[in-house]
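Structure record follows, encoded as structure tokens.
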Amino acid sequence: MSVDLLRCRKCGHEYPATATGICSACFGPLEPVYDWDELARTVSRESIEAGPRSLWRYAQLLPADPPADAASGPGFTPLVPAPRFAAAVGVGEVYLKLDLSNPTHSFKDRVVAVATAKALEFGFDTLSATSTGNLANAVGARAAASGLRAIIFCPAGLELEKLRATTVYGATIFGVRGSYDDCSRLVSELAGEVEWGIVNVNLRSYYSEGSKTLAFEIVEQLGWETPDAVVIPVGSGSMYTKVWKGFQQFEQLGLVDGALPRLFGGQAEGCSPVAAAFAEDRRVTPVRPHTVASSIAIGNPADGDLTVEVAHASGGGVYAVPEDEIGQSISLLAETAGIFGEGATGVAVGALRAAVERGELGERDRVVLLVTGTGLKTPQLAEASGAIVEIEPDVDALLAELGVTA
């Protein structure tokens with residue numbers, strides 16, 4: 001549903017629902033205001049199940065009207081059991097939420113779909129973003145499908161696979177000589193000079209709401225029940241906090257059975273400002289990223305403090321994963337579940353293992369782990385246990401290599 005108001009999360013000041021993401025009174029983040037009385041009357045399990053098999057089945061809980069191609073996605077990605085992986089990490093049940101099944105193979109397609117719908121409502125002809133790769137892919141693809149120009153800003157030196165997977169859609173990428181945070185500062189200044197829809201700046205109030213649909217889908221796919229815990233990689237903290245908000249909103253509408261889940265977040269040790277703040281029970285302080293998990297390498301996370309609050313409120317936690325364990329965790333998931341996730345997924349697996357080691361999760365728990373992107377974009381991170389053996393086209397030589405005697 002299209003919304004009329006935005007409200008500051010910090011001071012409560014309200015604004016018309018325009019292309020703005022920051023409160024002018026206290027510089028807090030703005031969030032859409034929904035008519036909960038109307039939603040209580042109109043949203044039900046049946047109305048949701050009758051919707052398209054995409055995130056737009058939850059349109060009444062999103063701040064934009066569905067596009068004409070709502071049925072084609074993204075969202076409503078598979079939730080699959082992974083019993084061998086669960087046994088390997090010491091958890092009763094693990095379900096994998098496969099957002100690598102989205103059109104550009106990451107969860108970013110969700111948030112960009114909502115932001116693009118809003119950009120079209122506002123009449124923008126250009127879609128833009130700062131990105132470490134996955135968001136660039138999603139913006140490029142959705143802009144192409146919507147007939148918009150795409151201009152994207154990335155840290156110079158990003159993986160070629162991610163850049164090519166953006167320029168193929170006709171997007172222009174500016175490689176900024178600096179970190180993701182340098183890109184963000186540049187584009188925040190640019191936002192006041194151009195009439196563009198910048199998804200994670202002036203459209204952020206709407207864009208971030210797309211992450212709620214992960215929680216909505218998990219509940220629906222588990223038969224309208226909650227899991228015991230959800231494990232999430234943390235970059236800016238937006239996905240972590242919006243997933244929590246999604247569970248809360250379904251509970252508010254009486255759509256879910258069971259208690260709200262505990263949320264566990266993971267950060268790579270080389271960029272772990274939120275994990276450090278959680279461990280030391282303090283506010284988040286920025287860091288300079290130095291990690292192989294480039295997709296979550298955000299040293300000054302916009303929703304870092306709220307992530308710490310949500311971790312405490314849910315009974316979960318946020319943990320730093322050693323850099324040398326990220327590739328191992330990617331391989332563990334691949335070898336036991338047949339799913340090849342990117343660096344952020346390796347971090348999520350590492351966080352799950354940390355929670356098990358601390359005794360916070362175990363054999364009695366049903367856990368959902370978010371696989372937020374495909375490992376095919378960052379294949380160099382995986383520690384493959386298989387082998388490539390070159391042989392002659394001779395069956396006797398092959399049998400000898402295999403150790404099989406005739």
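The values are calculated or read from the model by the stated rules, or taken from the named source; none is laboratory data. Fair warning: this is a prediction, and the values are worked out from it, not measured in the lab. Ideal geometry is used to build each Cβ from the backbone, glycine not excepted, and the neighbour counts take in all protein chains shown.
Based on this model, can you work out whether A313 counts as small (G, A, S), buried (at least 18 other Cβ atoms within 10 Å of the Cβ), touching a residue at least 60 places away in the same chain (Cβ under 8 Å) and within 24 Å of E217 (Cβ to Cβ)? No.
Is it the case that region 358-374 has a residue that's part of a helix (DSSP H, G or I), buried (at least 20 other Cβ atoms within 10 Å of the Cβ) and in the same structural domain as V292 (by TED's automatic domain parsing)? Among the residues of region 358-374, not one is part of a helix (DSSP H, G or I), buried (at least 20 other Cβ atoms within 10 Å of the Cβ) and in the same structural domain as V292 (by TED's automatic domain parsing), which makes the answer no.
For beta carbons closer than 9 Å, sequence separation of 6+ or different chains, a first residue in region 254-271 that is under 9 Å from A293 (Cβ atoms) and a second that is basic (K, R), the qualifying pairs are C271/R288.
The condition (being in contact with a helix residue (DSSP H, G or I) (Cβ under 8 Å, 6 or more places away or on another chain), surrounded by fewer than 24 Cβ atoms within 10 Å (Cβ to Cβ) and at pLDDT 95 or above) is satisfied by just one residue among Y206, Y169: Y169.
Each row is one residue, and each column tells you yes or no for (1) within 23 Å of Q249 (Cβ to Cβ); (2) outside the structural domain of S331 (by TED's automatic domain parsing); (3) aliphatic (A, V, I, L, M).
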| residue | (1), (2), (3) |
| --- | --- |
| Y58 | yes, yes, no |
| L61 | yes, yes, yes |
| V91 | no, no, yes |
| V94 | no, no, yes |
| R110 | yes, yes, no |
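Residues in region 250-305 that are closer than 22 Å to V368 by Cβ, of a type in the set (D, E) and in contact with a Lys or Arg (Cβ under 9 Å, 6 or more places away or on another chain): D303 alone.
Taking the conditions (1) within 15 Å of L5 (Cβ to Cβ); (2) surrounded by fewer than 17 Cβ atoms within 10 Å (Cβ to Cβ) in turn, P81 satisfies each one other than (1). Note on region 14-56: among residues that are without any contact (Cβ under 8 Å) to a residue 24 or more places away in the chain and touching a strand residue (DSSP E or B) at 6+ places or on another chain (Cβ under 6 Å), the one that is nearest to P301 (Cα to Cα) is G28. Just one of (1) touching a Leu at 6+ places or on another chain (Cβ under 8 Å); (2) within 14 Å of L263 (Cα to Cα) trips up A351, so point out which. Unmet for A351, out of (1) touching a Leu at 6+ places or on another chain (Cβ under 8 Å); (2) within 14 Å of L263 (Cα to Cα): (1). Looking across V287, V243, one residue alone is under 20 Å from A355 (Cβ atoms) and touching a residue at least 12 places away in the same chain (Cβ under 8 Å). It is V243.
In region 98-110, the count of residues that are in contact (Cβ under 8 Å) with a residue 40 or more places away in the chain, basic (K, R) and under 22 Å from V194 (Cα atoms) is zero. Quick one: S385 ticks every box in (1) of a type in the set (S, T, Y); (2) modelled with pLDDT of 95 or more; (3) in a loop (DSSP other than H, G, I, E, B) except a single one, so which number is it? Only one criterion in (1) of a type in the set (S, T, Y); (2) modelled with pLDDT of 95 or more; (3) in a loop (DSSP other than H, G, I, E, B) is unmet by S385, namely (2). Mind listing just one residue for me: the one in region 149-166 that is modelled with pLDDT of 90 or more and either among the β-branched types (V, I, T) or closer than 16 Å to D109 by Cα (or both) and, of those, surrounded by the fewest Cβ atoms within 10 Å (Cβ to Cβ)? Residue satisfying both the conditions and the ranking: I151. When A113, A59, A88 are checked against the criterion of being surrounded by fewer than 18 Cβ atoms within 10 Å (Cβ to Cβ), touching a residue at least 12 places away in the same chain (Cβ under 8 Å) and in a helix (DSSP H, G or I), a single residue qualifies: A88. Quickly run through region 305-331 and pick out the residues that are under 30 Å from G386 (Cα atoms) and either in a helix (DSSP H, G or I) or of a type outside the set (V, I, T) (or both). Residues satisfying the conditions are Y319, A320, P322, E323, D324, E325, I326, G327, Q328, S329, I330, S331.
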